[in-house]
1. Suppose R0 equals 22 Å; then what is the FRET efficiency for Asp35 and Arg56 from their Cβ-Cβ distance, rounded to the nearest 0.05?
2. Under a point-charge model restricted to the Cβ atoms of Lys and Arg (+1) and Asp and Glu (-1), what is the dipole moment magnitude of segment 41-90 relative to its Cα centre, in debye to the nearest 20?
3. Run the quick spin-label model on Ala47 and Lys27: label points 7 Å from Cα toward the beta carbon, then report their separation in nm to one decimal.
4. I'd like the Karplus ³J(HN,Hα) series for segment 31-40: coefficients 6.51, -1.76, 1.60, θ = phi - 60°, whole numbers in Hz, and an x wherever there's a Gly or Pro.
5. In whole Hz, what ³J(HN,Hα) sequence does segment 47-62 give by Karplus (6.51, -1.76, 1.60; θ = phi - 60°), x for Gly and Pro?
6. So what is the 222 nm mean residue ellipticity for the chain from helices alone, if each DSSP H run of at least 4 adds -39500 (n - 2.57) and you divide by all residues, rounding to the nearest 500 deg cm²/dmol?
7. So how long is each side of segment 30-91 along the principal axes, counting just the alpha-carbon atoms, biggest first, in Å?
Amino acid sequence: MDPQTPGTRPADLARRSLTGFLEASTKTTVDPAQDLFSAGLISSLFALQLVVHLEREFGVTVAGDDLRLDNFRSVDAMVALLVRLGGASDD
C-alpha cells in the first residue's frame, strides 16, 4: 500500500476504521468532523469503551493528559490523537 496515495495513508485508514466502529456501535451515520458528544452519540460509559478500542485496535496507550474529552470529541480529533501517539502516522 502506497502511504502517499490519498485514502490509504495510515491516518485515512484509521479515520475509516473509527467511523465504521462508531457507526456500527451507534447505528447512525457519523461525519468525521461531527461533535459526537453534542450529538449525544457518546455517553461516559461508551467513551471508556472507545478508549479501550483505540488502545487495542491501534496499539497505543491513552493516559494522563491524553484522556481529555477534546481528544474524543470527533473522529478527526481521535485520528489526530492516534497520529500523536504513533498509532496512525500521517506520513
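FYI, it's all coordinate maths here, none of it is from the lab. Being a predicted model, the structure only gives us computed values, none of them experimental. FYI the Cβ positions are ideal-geometry reconstructions off the backbone, even for glycines, and counts take in every protein chain you see.
1. That pair, Asp35 with Arg56, gives E of 0.35.
2. The dipole magnitude comes to about 100 debye.
3. Output for this residue pair reads 2.4 nm.
4. Whole-Hz 3J(HN,Hα) from phi for segment 31-40: 8, x, 8, 5, 6, 5, 6, 4, 6, x.
5. Calculated HN-Hα couplings, in order: 4, 5, 5, 5, 4, 4, 4, 4, 5, 6, 5, 10, x, 10, 10, 9 Hz.
6. -15500 deg cm²/dmol
7. 31, 22, 20
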